[in-house]
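Here the structure is laid out as structure tokens; the discussion comes afterwards.
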Amino acid sequence: GILEQPELERPEKSKSVPKDNSVTLEDVRFGYHDKEILHGVTMELKAGTVNAIVGPSGSGKSTIAKLIASLWDVDSGSIKIGGVDVKEMSLADFNRKIAYVAQDNYLFNETVRENIRQGNPDATDEQIIEVTKKSGCYEFIMQLENGFDTVVGGAGGHLSGGERQRISIARAMLKDAPIVILDEATAYTDPENEAILQNSIRKTGSREDTDRNRTQTFYC
């Protein structure tokens, strides 16, 4: 698991600046418990695109997502953003590039508003409300006892799995990172809200109103 992996070694200052937001895997191998899961994976995810990896359970989809998000390091091969190996980027620069949403996301024992604001500490209340409407969670938030000021409980225990997931997606959207990774991130979402989320994510991925080469979205 994640806790069994060694601490990531990254420079304090990035050695190079990525030329764009493309993601490239080159001959990536990875395994744990002496069992190799990925056997020389090579792929290119171009900037300004929406990509999906599909396959049966246990085929390595989530492993690839976690490696791109630098939750783990590859055993061999490389992962590059804009031609720069992620191992040559500072954690601060890398984290500005990536928004990662997993199937199970941790929420702090704070209000709904402050949990979403984790994506961008400088966001205004108006921006938070806007992103909840885009992510399909505004209505259920307004039905909570104290709306946006409702405390979600430890690990978000006062909310359902689907509600926690939608808040996590809203948080990722508020971060406005150029690369968005959704690792089974709509697993708990009902069909109606999943359609809302996917439509919003497509808009985020295309960035028709800004730079087509800026953003990409990656599904597992």
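The values are calculated or read from the model by the stated rules, or taken from the named source; none is laboratory data. From a predicted model like this one, the values you see are computed outputs, not experimental measurements. Please note: Cβ atoms are built from the backbone with ideal geometry, for glycine as well, and neighbour counts cover all protein chains shown.
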**Request:** Among the residues of the stretch 150-162, count how many are surrounded by 21 or more Cβ atoms within 10 Å (Cβ to Cβ) and of a type outside the set (Val, Ile, Thr).
**Result:** 2
**Asked** When the stretch 69-106 is examined, which residues are found to be within 14 Å of ALA177 (Cβ to Cβ) and of a type in the set (S, T, N, Q)?
**Response** SER70, ASN95
**Prompt:** (1) of a type outside the set (Lys, Arg); (2) within 18 Å of LYS175 (Cβ to Cβ); (3) surrounded by 20 or more Cβ atoms within 10 Å (Cβ to Cβ): which one isn't true of TYR106, the others all being true?
**Reply:** (3)
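Residue-by-condition table, conditions (1) among the aromatic types (Phe, Trp, Tyr); (2) modelled with pLDDT under 95; (3) assigned by TED's automatic domain parsing to the domain that holds PHE148:
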site	(1), (2), (3)
ASP75	no, no, no
ILE79	no, no, no
GLY82	no, no, no
GLU88	no, no, no
ASN105	no, yes, no
ARG117	no, no, yes
ILE128	no, no, yes
THR132	no, yes, yes
**Request:** Spot the failing condition for GLU7; the list is (1) over 14 Å from the mean Cα position of the chain (by Cα); (2) at pLDDT 95 or above, and only one is missed.
**Result:** (2)
**Request:** Only one of these is closer than 18 Å to PRO178 by Cα, under 15 Å from the mean Cα position of the chain (by Cα) and not aromatic (Phe, Trp, Tyr): LYS46, LYS66. Name it.
**Result:** LYS66
**All positions within the stretch 32-74 that are surrounded by 16 or more Cβ atoms within 10 Å (Cβ to Cβ) and of a type in the set (D, E, K, R)** = LYS61, LYS66, ASP73
**Prompt:** Would you say THR132 is surrounded by 17 or more Cβ atoms within 10 Å (Cβ to Cβ) and among the β-branched types (Val, Ile, Thr)?
**Reply:** yes
**Positions within the stretch 152-182 being under 17 Å from the mean Cα position of the chain (by Cα) and among the β-branched types (Val, Ile, Thr), in sequence order** = ILE167, ILE169, ILE179, VAL180, ILE181
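Table: residues versus (1) of a type in the set (S, T, N, Q); (2) free of Cβ contacts under 8 Å to residues at least 12 places away in the same chain.
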site: GLU126; (1), (2): no, yes
site: SER135; (1), (2): yes, no
site: HIS158; (1), (2): no, yes
site: GLY161; (1), (2): no, no
site: ARG164; (1), (2): no, no
**Request:** Search the stretch 152-166 for residues being of a type outside the set (Gly, Ala, Ser) and part of a helix (DSSP H, G or I), and hand back the single one that is farthest from LEU182 (Cα to Cα).
**Result:** GLU163
**Item:** Which listed residue is within 22 Å of ASP190 (Cα to Cα) and surrounded by fewer than 17 Cβ atoms within 10 Å (Cβ to Cβ), from GLY77, GLY83, GLY147
**Value:** GLY147
